[in-house]
Each structure stands twice: as C-alpha cells, then as structure tokens.
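Novice: One structure is given below, represented as structure tokens, and several questions about it will come after.
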There are 2 protein chains.
Amino acid sequence: MSLESYMNQIGQQARDASRILAKASTKQKNTALFAMADALENARPRLIEENAKDMENGRIKGLDSALLDRLLLDDKRIDGMIEGLKQVASLPDPIGEISNMVCLPSGIQRGQMRVPLGVIGIIYESRPNVTIDAASLCLKSGNATILRGGSEAFYSNQAISTAVREGLAASGLPENAVQVLNTTDRGAVGLLISMPEFVDVIVPRGGKGLIERISKDARVPVIKHLDGNCHVYVDDEADLNKAFSIALNAKTRRYGVCNAMESLLVHHAVAVDFLPKLVTAFVDKGVELVGCESSQAISSSIGIATEEDWYTEYLAPKLSVKIVDDMDQAIAHINQYGSHHTDAIVSQNYSKTRAFMTEVDSSSVMVNASTSFADGFEYGFGAEIGISTDKIHARGPVGLLGLTSQKYIVLGDGHTRDN
Amino acid sequence: MSLESYMNQIGQQARDASRILAKASTKQKNTALFAMADALENARPRLIEENAKDMENGRIKGLDSALLDRLLLDDKRIDGMIEGLKQVASLPDPIGEISNMVCLPSGIQRGQMRVPLGVIGIIYESRPNVTIDAASLCLKSGNATILRGGSEAFYSNQAISTAVREGLAASGLPENAVQVLNTTDRGAVGLLISMPEFVDVIVPRGGKGLIERISKDARVPVIKHLDGNCHVYVDDEADLNKAFSIALNAKTRRYGVCNAMESLLVHHAVAVDFLPKLVTAFVDKGVELVGCESSQAISSSIGIATEEDWYTEYLAPKLSVKIVDDMDQAIAHINQYGSHHTDAIVSQNYSKTRAFMTEVDSSSVMVNASTSFADGFEYGFGAEIGISTDKIHARGPVGLLGLTSQKYIVLGDGHTRDN
C-alpha cells in the first residue's frame, strides 16, 4: 500500500472511531482506560524487551545520554503510565455539559453543548510515555487519536500501541480510537497535517523546531507551544522578601521548563537594595547573569546582555536582568520581547497589579506568585496535554477542556423564523 | 515604499494601537463608536460621491446587477451603518470579565480574564458596509483591525475609512485602531495573512472560493465559514404539522443564506403521508426538487438526485429529498454529506431528540425548530461577524465573544512552587 493510501485508511478509521467515541458514556471511556492500564501491566516484559531494541539502536546511532534517558522504559516508568491512565479515568468527563441556555424573544431556547473535537493528531519526539499521556486525555474527552512518535522510539511505541488496542478491544470501544502510525517514513507527518477531512487538530509536542515546521506546513489547526520567555517584574512597591523568593523559585526550581523565568525586570528605585542579595543567591546556584548597564553598575557578577538576550529562552542556568524606570516600561518590555507565555509582577500596590494583569499580553499573568505555577496540574486540571502560546481556542495550560469544542443546540416546539 | 514595507508599517501600527485598545475603557470605546457614527453622518455627501466612482467603474467593467446592488451606498444604507455603530455601542463589553476563579491547594487563586485577540485582519468582497460592521465589532471587543475590501469598492471604502478615522481621532483613541488598506495590489492579501507577528487572526467574509484560498495560504489562524449544507430530518414520531412549517420555513424563508435547508430527510414510515402536501407547497413556491428513488415513487414532482446533490449547497430554490430507514441513517447521512453547519430534527420522541443533539456533528443542532434560527441576532448576540464552520475557537454564529480570548490570571501573596 502506498503511504498516501495507508494514511487515508488511518484517517478514515479514526473518523469512524470518533463517531462512536463521541457518543460513548463516561463509564465506557473509564472502563477502556482501566482496561488499557491492565493491558500495559500484562505487557511489561514485552514493553521492556521492545524498548531495549530502541535503546540499542539509539546507542548505535550515538544518541546522547539525555536522549537515551528520555527513551528508556523501565518498571518505574511503566508504573507511571499505568498510574496516569487511572488518574485520567478519575477526572470529570467534560463531554455533554450544556451551558448558557437562554430563552430568546422568538421563543426558542439556545445553549451550548460541549463535544469532542473529533480526531486529534499528536506528533511527538522521543519519550514513549507521551503515547499513553496523549491517548488517554484524547480518549477521555471523546476524541480519536492518531499518534506519530519519534523514529528512535519506534519499537517502544508499537508495543505500547498493541497494549492500548488490547485494552480498547476488551472494553468494547473501537481499537481505532487510538492508532499509532507503524511507519517511520517522514512523509507520514506531512500527510497527517494535511488531511482536514480526517484530522480536526494537531498537537505537536517537542522542540521548537518541530513545532515551527508543523505550524508552517499544517492545513489543519495546530494547538502549539512555542517559547517560554517568562519575566518577573519587581516593582518599587514590592515586598522585597516575597520578590526574592518568587524570583529565586521562578528561575531555579527547574531550568529546562517553559515556565522558568528567563528575564528579571527590577524597578530602579529598589534595584540597589534588592539585586545584590539575589545576585549572590543566583551565583551560589551557578546561574550565569547578563544585564543592562545599570544592573552591571550594581553588581559585578552581571555580564553584558545583548539585544538578542532579551528575546532568549535560555532553558538553562542563565538569566537576563534589566533595570526599568517604572511599571509601564516593564510592561512594554514584556509585550515586546516576551513570548506571551507567563509573566509575573511582584507589588503590594493594588492599582499596579490590576493594570499589569490587564495590560500584559500573556497566556498566564501572575501577581505575587512564581511563574512556575503555569502548569495544568497546578491550575487544577488534573492533567495537561501541553501549554498553548496561541490566543485562538486554548490559551495557556491545556487540559481536557482544550480538547473539546462547544456546539449550539436550539430547542423549539415547531418554531419558524418570521423575517 | 515597497508593498512589503507598507504592510509591515500597517502591521506595526495595528499592533501598537491594539495595546492601547486592550486597556481602553468601555466608555472610551463607546464614545469612539458614537464619534464614528457622527463622522459618517457628516460624510454623507462625500460617501455618495466616492461610491459613485466605484459604481461607474463597476458599470464600465460590466459587473452584473446583483454585484452593483451590493456595491451601492445610498442614504438608506448609510443610515444602516450609522444605526449599526450605535447598536454595537449598546452591546455589553465582554473585555475584562473574570471567570472560573478557584482556590487551589498550593494557596494560589487562578481564574480567566477575557481579553481581546489583538489585531484582526478582515478580508471581504464587494459590500462596503462590511467595513463598518467589522470595524465596530472589533473595536468594541478591544481589537485593532486591518481591513482589506474588494477592489471594486475601493473609493467607497477609502471614504468610509476617512470618516472612521476622524471619529477615532475625535474620541481620543488611536486612528490606527482601524486601518483600511489603500492599495488594490493583490499581493497585500498574501502579506496580510502571513504576518503572525502583527496579525492574530484573519476573518474572511465572502464566497467560498475566497475563503478556501485564504485558509490554504494563511500563516495566521482563520475564523472561517465554508458551506452551509443544512438538513431537516422528519422523524416517524414527528408532529407532521410542525414538520411541515419547519421544512417550508427552513427552505423558503430566503434561498441565498447559509442556514437554509438544502436537503430534507424523511422517515419512510411517514413519507407517504407527509411528502405530497409539502412537495405541492414547494412546487407552488417554485422550488425544484430532486430525490432518491423512494421519494420519486411518492411524488412525480421529484427529479433524480445524483450523489453530487447530497453534497450540494444550492443557495437557490432547489432541494434534495431522501427517504431514510430510521434516525440513525439520517444522522449518518448528515455527518457524511453535510457541512457541519446547521441540522434539525423534528420529532416528539424525547430519547431520539436527545441522541440527535449528541450525535450530529454540526455547529448548530436544532430540535423542532427551523434551521433559519442559526444566526447571531437570533441567538441573542446582538451582532455577528460571521458563522464559523470550524471546531476550533469559535463554532457557529460568532458575536463579540468570538473576537476575544481568555488568559489565565494567578493571584498569590509571595507563593512559590515546591516540587
């Protein structure tokens, strides 16, 4: 079969399965999630065996140790996948909820019903556990999924797929509710993102390069996450103890995460008081600092920041520091150089915090809290498919709701329209 | 200046204006809308003069009378634009609304704040009043707008633009809140839909050809409206009097609208009772009928429908008719051949109406009501920028809310994240 025929078949099967999933009850979907967990449990030896093939190929190809680590499936990670399935089963089912029902002058009632998007294509890189993460969230929200993992995890993903489909079959839902592509042909990605008749939305998970490529070529809407160039602004009316904790936490909790602070903005009136102690704390943790001239005048530990630095998401123990004249300058800087991901103000001034919340054009705006909280679990969603930096559809951390849509329903009793 | 420089300048100006609009108060925005209405009032002679140039050029180019009619600006249409501005001013302002605020275990509170999308690009065809419609809805929802009208309405749109900008200037909001492109170069559209740094969403308004072209080439999200291939399904448990009124209204209220019924599905058990009287009514109104073999056996006024007919949005006094075995077949037909726009069931059976609402994958699903109600005004939005056939972001009639986004806000008091 040609690649195109194969993808069309996958697409049609997904569309057909999505019709059944859309009307599946919460109980059916949860039964399937538990059955998938049981099937993974039973497949442990096979999963580890197949993963060993990927690990061996990875070592031959010379993948670095970080990549190899992400690729590894061991008992603990299999435990994690099984636990994840059970957690998703425990989440409330968003499908079918009817809201905003109003009576209108014509006599009709109209409201909105929450429904699945239909078919979701997931494109991801090395970590095989994404297969389970993504498939379970899509299933719970009534969507069929087509998954395309990285070629380096091919055998692992195929083994997971087999287990998932065993679980689905046992539960009575269609096996094609979750389909993992069984080809490493790169053309498959190009086809997957160009089938609006079969695929309703694409969620890419991986590095910025992957996401930019997919967004550029996709003929299907993409829920995407690009940069996380996050800022903390310390106002002249900040509680400086809170500011210290928040800035330190936002930068050093973890370096490689999208909600880490990459740029610190400090009001000039508190900079001399505030910065030196914080700089020492950063230097102790091994964080490299670059900054504007004013910041360098305050601390010799701060190197020179270039224009490029203000745009940069380091994802590393490195931070840019800028002294600003006032909050307005901070907001302008964030809106210009930031990535509209997550930005925080530390201030005790009510009016300023209110203005900052309104004027900063980011998916999450924090007041007196660390940027680290921008996360689906911390926001109480129970799970997260990713964080969207788009403004359309889902913005910010995306949980089950982001995988749904709302259609209008109208209730009449023989009503017709006059004019 | 090159076209590219011109478009970049327009884009940057829109982005700058959007920052000011995002924090504009409801009062400021309403003042601007009224000032725009005053400016249009004062510009009547100029509007009619400039429109006469477009009409003359149109006649020379041989535009047909329907197009020329759409192009015409007379006092009544100017009244309509002025009235429209005042109506939009009277609508509630969606911006700044905070919802879903919850306290989380970490101690933070998180909620969502409704915010503008930013910059909206509108691409439209002949009717110059769309300039005012679109600009006013975008302004009320805090968005800057870049408008690109049809070249046949160039002089009219420039004159409207001048009035709009006079109104904006008088109100103190930036003139660049609304920019009408002053070029007829087709390359401008290509650039407008490829500037994600300046434009957040594109709303094309016009024929299917325009919308398909734009959707295909856009590098920016598109809120689009494609086909309206709408169905009415008459169940065997329908109140046949209601079914008669609804079917007649859905088809014949207006023929050229997207929410008109294009295909009638009738349960076989009531077809012999129900169809003949309805067919007579349709024939009396001059509606051409094509149908399946079973329907032709019932009425000799029904011609042969081809496979293509089931996919067709006639936008004309023509209807396809199909006899179905049961509701499930009707739903399958609608989901396969329909355009996911608006579909209705007529039935007194509670369980069937409930299943139909869940299973029909359309932006509006009607129960015992005419498809004609699928409309922003009928849904109580007070205005409509269009009807979306997308599932992502806005689905169905799009009012002010469809031109907004929600960002997360987090309130802490020095909170940091532990793990």
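The values are calculated or read from the model by the stated rules, or taken from the named source; none is laboratory data. This is a predicted model, so every value here is computed, not measured. Here Cβ is always computed from backbone atoms with ideal geometry, including for glycine, and neighbour counts include all displayed protein chains. In case anyone asks, the SASA skips ligands and DNA or RNA and just uses the protein heavy atoms, side chains included. Shrake-Rupley method; radii C 1.70, N 1.55, O 1.52, S 1.80 Å.
Novice: In the set B:Pro276, B:Pro204, which member is farther than 19 Å from B:Thr353 by Cα and crowded, with 24+ Cβ neighbours inside 10 Å? Outline the logic, then answer.
Specialist: Working: B:Pro276 fails: crowded, with 24+ Cβ neighbours inside 10 Å.
None of the others qualify; the one that does is B:Pro204.
Novice: On to the next question. Looking at (1) within 19 Å of B:Ile108 (Cβ to Cβ); (2) touching a Ser or Thr at 6+ places or on another chain (Cβ under 8 Å); (3) within 11 Å of another protein chain (Cβ to nearest Cβ), can you tell me which one A:His340 breaks?
Specialist: Single failed check for A:His340: (1).
Novice: Restricting attention to the stretch B:35-48, and to residues there that are without any contact (Cβ under 8 Å) to a residue 60 or more places away in the chain and out of contact with any Asp or Glu (no Cβ under 8 Å at 6 or more places or on another chain), which single residue is surrounded by the fewest Cβ atoms within 10 Å (Cβ to Cβ)? Walk me through it before giving the result.
Specialist: First pass over the stretch B:35-48, keeping only residues without any contact (Cβ under 8 Å) to a residue 60 or more places away in the chain: B:41, B:44-45, B:48.
With the extra rule that they be out of contact with any Asp or Glu (no Cβ under 8 Å at 6 or more places or on another chain), the set shrinks to B:41, B:45.
Details: B:Glu41: 14, B:Pro45: 8.
Here the residue is B:Pro45.
Novice: Quick check on the stretch A:93-106: of everything there that is more than 8 Å from chain B (Cβ to nearest Cβ) and surrounded by 10 or more Cβ atoms within 10 Å (Cβ to Cβ), which residue is farthest from A:Gly380 (Cα to Cα)?
Specialist: A:Cys103
Let's see how each residue does on (1) over 24 Å from A:Arg253 (Cα atoms); (2) not polar (S, T, N, Q):
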residue	(1), (2)
A:Ala316	no, yes
A:Leu319	no, yes
A:Met327	yes, yes
A:Ile331	yes, yes
A:Ile334	no, yes
A:Thr342	no, no
A:Ile345	no, yes
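Novice: Could you list, in sequence order, all residues of the stretch A:239-258 that are within 10 Å of chain B (Cβ to nearest Cβ) and either of a type in the set (Gly, Ala, Ser) or in a loop (DSSP other than H, G, I, E, B) (or both)?
Specialist: Answer for the stretch A:239-258, where residues must be within 10 Å of chain B (Cβ to nearest Cβ) and either of a type in the set (Gly, Ala, Ser) or in a loop (DSSP other than H, G, I, E, B) (or both): A:Asp239, A:Ala243, A:Ser245, A:Ala247, A:Ala250, A:Arg253, A:Arg254.
Novice: Which condition breaks for A:Arg15 when tested against (1) open to solvent by 70 Å² or more (accessible area, probe 1.4 Å); (2) within 14 Å of chain B (Cβ to nearest Cβ)?
Specialist: (1)
Novice: Which one is nearest to the other protein chains (Cβ to nearest Cβ), of the residues in the stretch A:348-400 that are part of a helix (DSSP H, G or I) and open to solvent by less than 10 Å² (accessible area, probe 1.4 Å)?
Specialist: So, considering only residues that are part of a helix (DSSP H, G or I) and open to solvent by less than 10 Å² (accessible area, probe 1.4 Å), the one nearest to the other protein chains (Cβ to nearest Cβ) is A:Ser372.
Novice: Any residue in the stretch B:178-195 that is touching a Lys or Arg at 6+ places or on another chain (Cβ under 7 Å), part of a loop (DSSP other than H, G, I, E, B) and either under 30 Å from B:Gly412 (Cβ atoms) or open to solvent by 30 Å² or more (accessible area, probe 1.4 Å) (or both)?
Specialist: yes
Novice: Turning to a different aspect of this structure: Would you be able to say whether some residue in the stretch A:285-308 is more than 20 Å from B:Gly414 (Cα to Cα), open to solvent by less than 60 Å² (accessible area, probe 1.4 Å), in a helix (DSSP H, G or I) and out of contact with any strand residue (DSSP E or B) (no Cβ under 7 Å at 6 or more places or on another chain)?
Specialist: Looking for residues that are more than 20 Å from B:Gly414 (Cα to Cα), open to solvent by less than 60 Å² (accessible area, probe 1.4 Å), in a helix (DSSP H, G or I) and out of contact with any strand residue (DSSP E or B) (no Cβ under 7 Å at 6 or more places or on another chain), one finds at least one in the stretch A:285-308, hence yes.
To keep it simple, each residue is scored yes or no on (1) closer than 30 Å to A:Thr342 by Cα; (2) assigned to a helix (DSSP H, G or I).
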| site | (1), (2) |
| --- | --- |
| B:Arg46 | no, yes |
| B:Asp54 | no, yes |
| B:Leu63 | no, no |
| B:Ile82 | no, yes |
| B:Gln87 | no, yes |
| B:Pro92 | yes, no |
| B:Gly96 | yes, no |
| B:Val102 | yes, no |
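Novice: Then there's this: All but one of (1) of a type in the set (A, V, I, L, M); (2) open to solvent by less than 40 Å² (accessible area, probe 1.4 Å); (3) facing chain B (nearest Cβ under 7 Å) hold for A:Leu411, so report the exception by its number.
Specialist: (2)
Novice: When you go through A:Ala169, A:Ala163 one by one, which is the residue that is more than 19 Å from A:Gln87 (Cα to Cα) and of a type in the set (Gly, Ala, Ser)?
Specialist: A:Ala169
Novice: Oh, and also: Please note which strands (runs of 3 or more DSSP E) are completely contained in the stretch B:107-166 and include at least 3 residues that are open to solvent by 10 Å² or more (accessible area, probe 1.4 Å).
Specialist: B:109-116
Novice: Report, by residue number, each residue of the stretch A:167-177 that is aliphatic (A, V, I, L, M) and part of a helix (DSSP H, G or I). Explain how you work it out, then say what you get.
Specialist: Taking the stretch A:167-177 and keeping what is aliphatic (A, V, I, L, M), we get A:168-170, A:173, A:177.
If the condition is that a residue be aliphatic (A, V, I, L, M) and part of a helix (DSSP H, G or I), then A:Leu168, A:Ala169, A:Ala170, A:Ala177 are the ones that fit.
Novice: Could you count how many residues in the stretch B:229-273 are open to solvent by less than 10 Å² (accessible area, probe 1.4 Å), in contact with a Leu (Cβ under 9 Å, 6 or more places away or on another chain) and of a type outside the set (Gly, Ala, Ser)?
Specialist: Residues that pass the stated criteria total 9.
Novice: Quick check: is even one residue across the stretch B:211-220 more than 14 Å from the chain's Cα centre (by Cα), outside any loop (DSSP other than H, G, I, E, B) and crowded, with 20+ Cβ neighbours inside 10 Å?
Specialist: yes
Novice: Scan B:Ile331, B:Ile323, B:Ile345 and give me the residue that is in the same structural domain as B:Met261 (by TED's automatic domain parsing), open to solvent by less than 40 Å² (accessible area, probe 1.4 Å) and part of a helix (DSSP H, G or I).
Specialist: Numbers: B:Ile323 fails: part of a helix (DSSP H, G or I); B:Ile345 fails: part of a helix (DSSP H, G or I).
That would be B:Ile331, the only listed residue that is in the same structural domain as B:Met261 (by TED's automatic domain parsing), open to solvent by less than 40 Å² (accessible area, probe 1.4 Å) and part of a helix (DSSP H, G or I).
Novice: Can you go through B:Ser388, B:Ser364, B:Ser405 and tell me which one is in the same structural domain as B:Val234 (by TED's automatic domain parsing) and of a type outside the set (Asp, Glu)?
Specialist: B:Ser364
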